[in-house]
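Data block below; observations after.
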Amino acid sequence: MGQPVAVVQKPTRTPGIVRFEINRSLTGMGHERYRSIDDAAGDRPPDVLARLLFERGGVEAVHIFSNEITVDLSKGATADGIEELISELFIHYRPGVQPSIP
């Protein structure tokens, strides 16, 4: 259930900073900045995404504005797997998972 998010990684001039553009807005016109997993305590889509990125590891900070996601990587970390993580943000039922019916 849910649809994958279309994600395009865009180049930046700053090493250790990666930027992604997606096909939907996560914040409307607001800017969301996260410096740690503690900042991502809410249940809104940008909070959930930031939490997933911090849980992945190798992330120092996340900034989300509308459909743009900027990730400040830890020294020596790579962006491997981030694009897939973003694209699966709204996938609720994974293969092999049986949804519960109340």
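If you average 1/r over every pair of different alpha-carbon atoms in the chain and take one over that average, what Kirkwood value in Å do you get?
14.2
Through the Karplus equation 6.51 cos²θ - 1.76 cosθ + 1.60, θ set to phi - 60°, convert the phi angles of region 28-38 into ³J(HN,Hα) values in whole Hz; use x for Gly and Pro.
Each residue of region 28-38 in turn: x, 9, x, 9, 10, 10, 10, 9, 7, 5, 5 Hz.
Once amide H atoms are built 1.01 Å from N in the peptide plane, which residues 5 or more positions from Phe90, or in another chain, come under 5 Å H to H?
When sequence neighbours closer than 5 places are left aside, the close amide H contacts are Val5.
Bear in mind that the values in this text are calculations on the coordinates, not laboratory data. Computed from a prediction, not measured in an experiment: that's the story for all the values here.
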